[in-house]
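A.B. asks: Below is the structure I would like to discuss, written out as structure tokens.
Each reported figure results from applying straightforward, stated rules to the coordinates on display, with no laboratory input. None of these values were measured; they are calculated from a predicted model. Please note: Cβ atoms are built from the backbone with ideal geometry, for glycine as well, and neighbour counts cover all protein chains shown.
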Amino acid sequence: MRQVRALLWIALAIASARLVWIGLIRHDSLQRWTQNAANRYMPTPDLGTGLKITQFYPRSTEIIEGDQGLICYGVRDASRVWLDPPVEHLTPALTRCFFVEPHEDTGYTLTAEDTEGRRVTESIQIRVRPAPAEIRMLAVSDREVVRGEAATICYGVAHATTVRLEPIGWQLPPSKDCVRFYPSTTMKYRLVATGVDGKSDRLSFSVAVK
């Protein structure tokens, strides 16, 4: 039992480090995109006259659940602007971007109003796809056992609806757990996590029996 607990703590530490690393990569990617957006993606601001929404668009019309989307807008001759559904306080600007984190398909409508009370609107849609199943950690207690002895695996998954241990065919909890099994012969095993979209993530390991 002490060995299993130690194995679980090691596996959780690896998983936590991996999540921090992924988060830093995502943050850095979004930050770099924002810095380069004006030069690479944003159209030249409309410097004419009269109330107008000169630009209103998402970085991507489709994101994965749990990720952030980026929306950019620009207005001309507006005294105030607002977003429906509201995300944050907006102010009139030639070019500005902000983050959103919808959990389902969401339409956003930008309204601009001038000092005379005239209004113009534009709308966009962002689709949200289910996050794919991911095996975030897998640790094996022993890579070699004596026949009749047990081996233990500890695992953790995210966004999974089912988890299987093949070729045994065991159905495991789709979260995190430690499982003990008794290998009868040297074999290659595979942990399979499947998400709501039907796609699977797989990790393999082998246990030798002597």
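A.B. asks: For the stretch 51-69 and the stretch 166-180, write down the distance between their C-alpha centroids in whole Å.
C.D. replies: Here the two parts' Cα centres lie 39 Å apart.
A.B. asks: For a Förster distance of 41 Å, can you work out the FRET efficiency between the beta-carbons of Ser200 and His89, rounded to the nearest 0.05? Each step should come with its number before you reach the end.
C.D. replies: Values: r = 43 Å, r/R0 = 1.04.
Computed FRET efficiency for Ser200 and His89 comes out at 0.45.
A.B. asks: Pull up the cross-link candidates among the lysines for Lys199, meaning alpha carbon to alpha carbon under 16 Å and not fewer than 8 places away within one chain.
C.D. replies: none
A.B. asks: Now a separate question. Give the calculated FRET efficiency between Glu62 and Lys188 to the nearest 0.05, with a Förster radius of 30 Å applied to their Cβ-Cβ distance. It would help to have the intermediate numbers written out before the result.
C.D. replies: Working: r = 37 Å, r/R0 = 1.22.
The calculated FRET efficiency here is 0.25.
A.B. asks: Mind checking which lysines have their C-alpha under 27 Å from Lys210, skipping anything on the same chain fewer than 8 residues away?
C.D. replies: Lys188
A.B. asks: Taking the Cβ of each residue in Glu65, Glu149 as the centre, tally the other Cβ atoms inside 10 Å and list the residues starting with the fewest.
C.D. replies: Working: Glu65 15, Glu149 12.
Ordered by Cβ neighbours within 10 Å, fewest first: Glu149, Glu65.
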